[in-house]
Structure formats: C-alpha cells, structure tokens
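Novice: Before anything else, here's the structure in question.
The values are calculated or read from the model by the stated rules, or taken from the named source; none is laboratory data. These figures come from a predicted structure and were not determined experimentally. We place every Cβ from the backbone using ideal geometry, glycine too, and count neighbours over all the protein chains shown. With ligands, DNA and RNA removed, areas are computed over all heavy atoms of the protein, side chains included. Shrake-Rupley method; radii C 1.70, N 1.55, O 1.52, S 1.80 Å.
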Amino acid sequence: EHIEQLKHFANSDLFKNNIVAQRIFVHTKTSETEFYLLNSDYKNALSKIRSAENAIAKQQLQIEPYHLMYFYYLHAITLFSVGNLNESLIHVNRVLNNFTKTDRPTVYAATELLNVIVHFELGNYVTVSSLAKHTLNLNRKTKVFTGAEEFLLQTILRIISTKKIEPELVNKLLNAVQTNISRLKSNLKFQTEEPLNFYAKWLDAKLMG
C-alpha cells in the first residue's frame, strides 16, 4: 500500500521539491531492484528500473549523490545482465561523469570495474587495457577495491594481453577469480553485496559458455 502511494506521489508536484520523498522513492526502487537481482529475476529487475526511469523522467532528483550512485549502478548491472550492453554503458557513464570518487568510493570503484567488464564483453580490448591500467593505478593509492576485485582486473588485463586468446586459458584464469570471489563472499556476514554477486554471476555465465 505504501509503495503504491509513493508511485502516485512520484508524479505529483510536491515530489519535485520534497527531498525526503525523493530519498524514500530511490531507496524503495533500489531495494526492490536489488532483491530481484539477488534472486536472478532479471525480468522483474528490468521492469522495476523502467518504471523508476518513467517516474523520474520529467523530474530532477535533488537528493545527495550517495543515494543516487548506487541507484544508477543497479540500473547498469540490470541492463548488462539482460544483454543491453550499450544501454548499460549509458548508466555507467552517468555515474562516472556526474559524480566523484569521494561521493561514494566503493560504488564509484565498482562502476569503474563494471565499465571495464562491459567493454571487455563488447570486445573493445584497447579501451579495456587503458581503463584497467588506469583503474589499477588509482587503486594503488586509494585502496578501495577488495583483493578479489583487483585480481579480477589484473586477470582481464592478462587475458587481453595474450597474443592469442585461448578459451582454455580464459576459463582457467576466470576460475581462479571465481574461487577468490566465492571465498570473499563466504567470509561476509551478509551476502547481499551486489557488486560481488554480480561478479560471481557474470563469471558463472562466462565459464558455462
């Protein structure tokens, strides 16, 4: 009932200037999308982000970047998960170009890594190489990535740097990353950290061919 009231409120004039209502709306949509992604229900996750986009299409959200960054990050990984890679990049760039690392460091870093993964899937290896090296160099100063995320970036770089990309080598390298991520997830108290779930599911799909 409360969610339905929020949907109506999102279309009202009061919503435009009510920061609290905007926060509640974004958090509600974020939580719902995250739930669907956690359960690999990409159809409903896509439906949820589409409805959110429609609701805010003519509004200008004025809430803090901290809330918006993860909201748009989830949009990007939802679109990636259903195969809309180019549209996923739109939301990736929305985060990277409209916010800063200091707004929410872990989400910004996860978006940088997602940017590398999307271009990797698109076969843009020159771009991947440049982005991955730049991101790794920055992380040596900021130390934001987990060891598993840093290892994933290094592995992607190693794959694209080989003279001939052999499927057997790729599988061997990605298996090592998958083991690393699984170990990290098993040590977390709560296993709903979406970047880690996303990496794990992407690696599963890659290894299954």
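Novice: In what order, largest first, do THR155, THR100 sit by accessible area if the probe radius is 1.4 Å?
Specialist: So, going from the largest accessible area down, we get THR100, THR155.
Novice: With the Cα gyration tensor of the stretch 48-133 giving a ≥ b ≥ c as the square roots of its eigenvalues, does the rule (a/c under 1.5 for rounded; else a/b larger than b/c for prolate; else oblate) give rounded, prolate or oblate?
Specialist: It is oblate, given that a/c is not under 1.5 and a/b is not larger than b/c.
Novice: Picking from ALA110, ASN171, ASN137, whose Cα lies most toward the positive end of the charge dipole for the stretch 107-173 (charges on Cβ: Lys, Arg +1; Asp, Glu -1)?
Specialist: Of the listed residues, the answer is ASN137.
Novice: Taking θ = phi - 60°, what integer Hz values does the Karplus form 6.51 cos²θ - 1.76 cosθ + 1.60 yield along the stretch 92-100, in sequence order, with x for Gly and Pro?
Specialist: Residue by residue, the stretch 92-100 yields 4, 5, 4, 5, 5, 8, 9, 10, 10 Hz.
Novice: Do the sum for the chain: with -39,500 (n - 2.57) for every DSSP H run of n ≥ 4, divided by all residues, what is the mean residue ellipticity at 222 nm, to the nearest 500 deg cm²/dmol?
Specialist: Only helices count here, giving -26000 deg cm²/dmol.
Novice: Quick check on my link table: of LYS172/LYS201; LYS133/LYS163; LYS48/LYS172; LYS133/LYS164; LYS43/LYS172, which ones sit more than 24 Å apart, alpha carbon to alpha carbon?
Specialist: Among LYS172/LYS201; LYS133/LYS163; LYS48/LYS172; LYS133/LYS164; LYS43/LYS172, the Cα-Cα distance tops 24 Å for LYS48/LYS172; LYS43/LYS172.
Novice: Okay, next question. Compute the long axis of helix 65-81 from its Cα atoms, compare it with the longest principal axis of the Cα atoms of the chain, and write down the angle in degrees, 0 to 90, nearest 10.
Specialist: 60
Novice: Here's something else I'd like to know. Treating the beta-carbon of each Lys and Arg as +1 and of each Asp and Glu as -1, no other charges, what is the dipole magnitude of the chain about its Cα centre, to the nearest 20 debye?
Specialist: For this selection, approximately 560 debye.
Novice: Quick check: from the Cα gyration tensor, does the stretch 30-78 come out rounded (a/c under 1.5), prolate or oblate?
Specialist: Since a/c reaches 1.5 but b/c is at least a/b, the shape of the stretch 30-78 is classed as oblate.
Novice: Ranked by accessible surface with a 1.4 Å probe, highest first, in what order do GLU194, GLU168 come?
Specialist: GLU168, GLU194
Novice: Between the stretch 60-81 and the stretch 82-159, how many Å separate their Cα centres?
Specialist: 16
Novice: With a ≥ b ≥ c taken as the square roots of the eigenvalues of the C-alpha gyration tensor of the stretch 88-208, please select rounded if a/c is under 1.5 and otherwise prolate if a/b is larger than b/c or oblate if it is not?
Specialist: Since a/c reaches 1.5 but b/c is at least a/b, the shape of the stretch 88-208 is classed as oblate.
Novice: By accessible area of protein heavy atoms, probe 1.4 Å, what ranking do HIS67, HIS27 get, highest first?
Specialist: The ranking, largest first, comes out as HIS27, HIS67.
Novice: Roughly how many Å² of ASP103 are accessible to a 1.4 Å probe, to the nearest 10?
Specialist: ASP103 exposes around 50 Å² with every protein chain in place.
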